[in-house]
Amino acid sequence: MATIRLKPGADRAMLRGHPWIFAGALADEPSDVVPGDTVEITAADGTWLARGAWSPSSHIRIRVWTRNRDEPVDAGWIQRRLEQSVAWRVRLGLVGPGLACRLVFGESDGLPGLVVDRYDHTVVCQFSAVGMERWKPVVAEALSGLEGVVSVFERSDIPSRRYEGLEPMTGLLAGREPKGPVEIREGDCRYRVDVRAGHKTGFYLDQRVNRGLVAGWAAGRRMLNAFSYTGAFGIAALRAGAAHVVQVDSSGPALNLARDQASLNDIDPARCECVEADVGQYLRRCRDAARTFDLVVLDPPKFAETKTQVEGACRAYKDINLLALKLLAPGGLLFTFSCSGHISPDLFHKVVASAGVDARRSARIVGWMDQPADHPVGLEFPESRYLKGLIVAAD
Ligand code: SAH
């Protein structure tokens, strides 16, 4: 096994537990190590530190597998980490017939470069690093052995794979080909998940708890679900007695599923209006028509993919939040989110506050929202904290 030596002092973050080693931390770069190989990592003085996966084309050159010298990185090790990860979701009560959750959340679960979501009997995986790519057959076999699993499907069609020198890949890894959308239940609601072509692995599992929160405020209210995707927030609200919901998204296929979900959940289509539009334009149209809502959910895509995009993203968040606050009826509530890891909760708070000032709306924060327990945050891996939200109540 090749040994990679770090520069003096470059081991601090890693020693504290951070799972990434950047190119700048390496004393030298080997030329003969195959991408994805496991390498030994030592401090500048030669002290053994860890084992990790070698990723020569990424600026994250090594993803740490283990800091325990007695732990060989082999199939048994991958299987044990997977079992631990799954055991946590079982403890959370999120594994069972018809249920859906994230089984593995990459680095935060000690499995860098791997995301696994489970939708009832279908498991969907995403391999985002060349080190984990190597273990795909082992991962697929372990997942297909989980109780009740019928299909293991791959959705490694994420742009970040190119930094690892990997092509996008999708398809069946084990078991039976999934036929049509997979049906899951979340609380009182049923959803159809398109694991083959839907966003991410098919569904936004990270909003499960927040959908419940919104539902708790929904009875009798008129709601705007902006960036609705397949309408899950809206369906949860309607099942909880919302009077009417407008689901707005720019994706036609997502809205088709949103319409399906309404009938699947015995909701009168007259209570669920689906609008294919740009949210910014739709909000402006509502403003110009003096239309108001009692509840607004704003769950946009990641506006800041990189640090350099933070400033522009803040302007975009401010713009939609300002418009949304203006549309709130007296006593209305805004549930506003950011899933950009580069935007901290404090910064997001500031952006929403300045939107409130400019909207001339007297309002206060009455709740903070977060990512759920099946999307854990590694203690020394703040990069894994990405989802944040505020509940803002207007006068
Ligand atoms: N709230 C959803 C997830 C939203 S993901 C849920 O709980 O399932 C973000 C969504 O925003 C995607 O469906 C994407 O199609 C949509 N989107 C992105 N840019 C948009 C825009 N400018 N206008 C409308 N929708 C947009």
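Read-outs throughout are calculated quantities, based only on the coordinates presented, and are distinct from any laboratory measurement. Small disclaimer: the values here were computed from a predicted structure and weren't measured. All Cβ positions, glycine included, derive from the backbone under ideal geometry; neighbour counts span all protein chains shown.
Here region 328-377 and region 167-183 have alpha carbon centers that stand 36 Å from each other. Each DSSP beta bridge with both residues in the chain is either parallel or antiparallel, and the antiparallel ones are about 65%. Partners of residue 318 within straight-line reach, counting lysines whose Cα lies under 16 Å from its Cα and excluding those fewer than 8 residues away in the same chain: 302, 326, 350, 388.
The packing ranking of peptides 212-219, 97-104, highest mean first, is 97-104, 212-219, where packing means the average number of other beta carbon atoms within 10 angstrom of each residue. Of the residues 376, 127, 187, the one whose Cα sits farthest toward the positive end of the charge dipole of the chain, with +1 on the Cβ of Lys and Arg and -1 on the Cβ of Asp and Glu, is 187. Going from the residue with the fewest nearby Cβ atoms within 10 Å to the one with the most, 136, 179 rank 179, 136.
Find out how many positive minus negative residues lie around residue 302, taking Lys and Arg as positive, Asp and Glu as negative, among other residues whose Cβ is under 14 Å from that of residue 302.
Charge balance near residue 302 sits at 0.
Measure nothing but the geometry: give the 0 to 90° angle between the long axis through the Cα atoms of 345-358 and the longest principal axis through the Cα atoms of the chain, rounded to 10°. Orientation of helix 345-358: about 20 degrees from the principal axis. Averaging the Cα positions of each part gives two centres, and for region 1-47 and region 211-239 these lie 48 Å apart. The dipole here belongs to the chain: it is taken about the Cα centre, uses +1 on the Cβ of Lys and Arg and -1 on the Cβ of Asp and Glu, and is about 1080 debye. Given an 8 Å cut-off on Cα distances and at least 6 residues of separation, report the relative contact order of region 75-180 as a percent. Computed value for region 75-180: 20 percent relative contact order.
Counting each DSSP H run of 4 or more residues in the chain as -39500 (n - 2.57), what helix-only mean residue ellipticity at 222 nm follows after dividing by all residues, to the nearest 500 deg cm²/dmol? The partial results should precede the final answer.
Numbers: 10 runs with 107 residues, N = 395.
Taking each H run of at least 4 residues, the total per residue is -8000 deg cm²/dmol.
The charge dipole of region 75-180, taken about its Cα centre with unit charges on the Cβ atoms of Lys, Arg (+1), Asp and Glu (-1) only, comes to about 120 debye. Each peptide among 269-275, 90-96, 324-330, 61-67 gets the average number of other Cβ atoms lying within 10 Å of its residues, and from highest to lowest they stand as 61-67, 324-330, 269-275, 90-96. Summing charges over neighbours of residue 85, with a neighbour being any other residue whose Cβ is under 13 Å away from its Cβ, gives +1 when K and R count +1 and D and E count -1. Using Cα atoms only, what is the angle between the long axis of helix 279-288 and the major principal axis of the chain, expressed in degrees (0 to 90) to the nearest 10? Orientation of helix 279-288: about 20 degrees from the principal axis. With a ≥ b ≥ c the root eigenvalues of the C-alpha gyration tensor of region 121-264, is it rounded (a/c under 1.5), prolate (a/b larger than b/c) or oblate? Prolate, since a/c reaches 1.5 and a/b exceeds b/c. Rounded to the nearest 20, the Cβ-based charge dipole of region 336-381 about its Cα centre (Lys and Arg +1, Asp and Glu -1) stands at 400 debye. Between the helical axis of 252-264 and the dominant principal axis of the chain, each derived from Cα atoms, what acute angle in degrees is found, rounded to the nearest 10? Approximately 70 degrees, to the nearest 10.
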